[in-house]
Amino acid sequence: MFNKLIFILSLFAISCNAQNDAKENKINMKYISNIHAPEFPKNMEWLNIDKPLTIKELKGKIVLIDFWTYCCINCIHIIPDLKRLEAEFPDELLVIGVHSAKFNNEKDAENISAAIRKYEIEHPVVNDNNFEIWSEYAARAWPTFVLINPRGQIVLAQSGEGVYDRTRDLIAGMIKEFDKIGEIDRRKIPLNLEKNKVKSRVLSFPSKIIADNKRNILYISDSNNNRIISIDESGNIIEVIGSGTEGNKDGNFEECQFNHPHGMALDEVNNILYIADTENHLIRKIDINKRNVERIAGLGVQANWGAIGGDALRNPLNSPWDLALVEDTLFIAMAGNHQIWYFTIESKKTGVYAGNGYENIIDGNLKNSSFAQPSGIAYAYNSLYIADSEVSGIRHINRDNGKVSSLVGEGLFEFGDKDGYYPASRLQHAIGLTFNNGKIYIADTYNHKIKILDPDTKKLSTFIGSGTKGNKDGNKNDAQLNEPNGLVWLNGILYICDTNNDLIKKYNPKDNSISSLEIKNINKIRLSNTIPLKEIDFGKVALKSNGLELNIKLNEKEKINPDAPYSISCKIIYPHYKEQIFSSNDFKANYILVSDKLVAGTKLEIDIYYYYCDESNACFYNDLRLKAVIDENGLDAININN
């Protein structure tokens, strides 16, 4: 009772002080408080920025702190909200991600860097691997967001999704109020984005892979390139489905758009490919013969928790992650709703097949069972097998009796790397699986392994990988993977999406070897309309008598891929607009740009996109935006060292 009284008196004092402060400065009370944001601890790892930030130095900024962990579907769901707020308030608002890891694998800064690149995050992130900031701010769930005013005072702290709707008006109001008294700081915080620190490969975070056994073709969801690629067993590109531009557009293969697609299912008889277009919250149908893509389920917006489906084209979905085709029905691993859904192809209906929507691991009948972010699904012998990622589990749905049971996994925080029999066996956030010859092959994602599970005995065994994160081919026991996702067998070879290595790996049982599959015929890949991505500001550059010189130098062990497309465009941005484009099949190392006479102060942007290969024939691409200002005392040339 005494503590309760002290708490009430404290709230009264805070309220009085806040009212006095508001009256004195003529600021609306809802934009101020006497709760000051705790300072960030020293000596923590920061990403997307060169030096640590402090609450003190951010005075004048509106700060939105996002507590997240990169496995969490709810955290993924608010990233578009954060990007929307950043675009709307680019000078006044600073979003800071505080990554407080759930899984051991997520505590590693390199893994967080990969997640930042995968989710295309462009604000500072701090690695709170020991929950220090989490504790200081009394966070209790992922995601939690905290809104801080320009004086460093906390004005809102909430958990859950919907951060845009709950903060947008507050941010706009704070800008208006604090602008009146000159307390908004619009200076930019200099960033050093993680995406600019790595070489870009042909594939970008490939997530799922399936096989057309009839035609000996593999389909890859090239997720962060927003496209589907079909290849033969040797790695030759057969078809590229999607423009490469993030979006939501039906049409032919060249113009259609996806938004981070993941799982696929194939109707081999009719040559129809079904796609879980995850971040569009859609199911798309690809007619391979007609080269056409169309929406068949979902609205393009995220469904609320508790959605039940109905008419497929009139009801929303929630992060469909993987698909399994069984006769006339698509079964959907609906990660966002923690359920298994169905889509009937003929009647065009969607609905809940299994799971009550609560994030947990509960066995039993279809309606009362619980799943936790199901991310992989496979069908065999009238059974569905589920990679239930947030409980690090493998679940079994027996379609004969309508029962759900667990083959691996015991709880939301029960994970590890332990072979053996259920319930002692452990995985760590397994995302993908496939069924072959009576066994389940599992992408044990956060353990960087492939494991094999006998569904009858519930015995789990390591099949591929040392467990050390890396990129190492050779014997399967010594091989290193980096967060593998999807996998499939074709003609006796196991193909693996080695997601964070941006590679497809092959396992050959004849010699127990792992090798990287070289992607060939990359001339079939179209240049994306969204390039370039990486920016370099050269400052002042001088024009020689024959124009501005651009030199591109590759490393000794690298060479331009002569069969791949490339593009160079030079644009005058100020004082007038003009564009010059260089594009051919004959890439050169030296160019003379803008031979016109240009006055001092002319601003240029030079966009470059090219493919190159190393001595192992692994192919990469570079996409740059170079900025420069003409000045007679500037650099003699623009030199790019790859």
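The values are calculated or read from the model by the stated rules, or taken from the named source; none is laboratory data. Values in this document were obtained by computation on a predicted structure and should not be read as measured data. For neighbour counting, all protein chains shown are included, and Cβ atoms are generated from backbone atoms with ideal geometry for every residue, glycine included. Side chains are part of the model used for accessible areas, which takes the heavy atoms of the whole protein and leaves out ligands, DNA and RNA. Shrake-Rupley method; radii C 1.70, N 1.55, O 1.52, S 1.80 Å.
Here Lys403 is the anchor, and the aspartates and glutamates within straight C-alpha reach of less than 15 Å, apart from those fewer than 8 places off in the same chain, are Asp363. Accessible surface comparison of His99, His396, probe 1.4 Å, protein chains only, largest first: the order is His396, His99.
Taking amide H as placed 1.01 Å from N in the peptide plane, Asn226 has its amide H under 5 Å from the amide H of His260, each at least 5 places away in sequence or on another chain.
Check every DSSP H run in the chain and write down those whose alpha carbon atoms cover 20 angstrom or more along the long axis and whose mean Kyte-Doolittle hydropathy is 0.0 or greater. Qualifying helices, which must be both long enough and hydrophobic enough, are 2-25, 73-88. Surface composition of segment 327-480: carbon plus sulfur atoms hold 44% of the accessible area, using a 1.4 angstrom probe and ignoring ligands, DNA and RNA. Relative to the Cα centre, the charge distribution of the chain, modelled as +1 at Lys and Arg Cβ and -1 at Asp and Glu Cβ, gives a dipole magnitude of about 460 debye. In the context of the full set of protein chains, segment 126-259 has a per residue accessible area of 39 Å² (1.4 Å probe). Across the protein chains, with a 1.4 Å probe defining accessible surface, the residues Glu390, Glu57 rank Glu57, Glu390 from largest area downward. Report relative contact order for segment 310-366 in percent, whole number only (criteria: Cα-Cα under 8 Å, sequence separation at least 6). Computed over segment 310-366, the figure is 27 percent. The GluC sites (Glu not before Pro) of segment 244-339 that meet both conditions, a loop assignment by DSSP and at most 14 other Cβ atoms within 10 Å of the site Cβ, are Glu254, Glu255, Glu268, Glu327.
For segment 133-209, with all protein chains in place and a probe radius of 1.4 Å, 48% of the accessible heavy-atom surface sits on carbon or sulfur. For Lys56, the lysines whose Cα falls under 18 Å of its own Cα, not counting residues fewer than eight places away in the same chain, are Lys42, Lys188.
Largest first, the residues Ile340, Ile560, Ile184 sort by 1.4 Å accessible area into Ile560, Ile184, Ile340. Extending 7 Å from Cα along the Cβ direction at Lys180 and again at Ile536 yields two label points whose distance is 4.9 nm. For segment 220-338, relative contact order (Cα pairs under 8 Å, six or more residues apart, normalised by length) works out to 17 percent. For segment 425-511, the per residue solvent-accessible surface stands at 31 Å², with DNA, RNA and ligands left out and a 1.4 Å probe.
Which of the residue pairs Lys118/Lys367; Lys290/Lys449; Lys195/Lys449; Lys451/Lys559 have a Cα-Cα distance greater than 31 Å in the structure shown? Flagged as over cut-off: Lys118/Lys367; Lys290/Lys449; Lys451/Lys559. Applying a DSSP loop filter and a limit of 13 other Cβ atoms within 10 Å to the GluC sites (Glu not before Pro) in segment 545-635 leaves Glu556, Glu615, Glu632. Restricting the chymotrypsin sites (Phe, Trp or Tyr not before Pro) of segment 330-414 to loop positions (DSSP other than H, G, I, E, B) with no more than 14 neighbouring Cβ atoms within 10 Å leaves Tyr358, Tyr381, Phe413.
Note on Asn292 and Thr468: their simple-model spin labels are 5.3 nm apart, each label 7 Å out from Cα toward Cβ.
Between His576 and Thr344, full extension at 0.36 nm per residue minus the direct alpha carbon distance yields a gain of 77.9 nm. Calculated accessible area for segment 57-106 comes out at 25 Å² per residue, all protein chains present (probe 1.4 Å; ligands, DNA, RNA ignored).
Across segment 353-421, the mean sequence separation of Cα contacts (distance under 8 Å, 6 or more residues apart), normalised by length, yields a relative contact order of 25 percent. Between amide H atoms placed 1.01 Å from N, distances below 5 Å from Leu543 occur with Asp631, all of them 5 or more places distant or on a separate chain. You can think of it this way: the chain between Arg399 and His36 has 125.1 nm of extra reach, that is 0.36 nm per residue less the Cα-Cα gap. Which one, (1) 66, 60, 53; (2) 158, 69, 49; (3) 83, 70, 47, gives Cα extents along the principal axes in Å as derived from the coordinates shown? Among (1) 66, 60, 53; (2) 158, 69, 49; (3) 83, 70, 47, the one calculated here is (3).
For segment 195-205, 3J(HN,Hα) computed residue by residue from phi via the Karplus equation (6.51, -1.76, 1.60; θ = phi - 60°) reads 5, 8, 9, 10, 7, 8, 8, 4, 8, 10, 6 Hz, glycine and proline entered as x.
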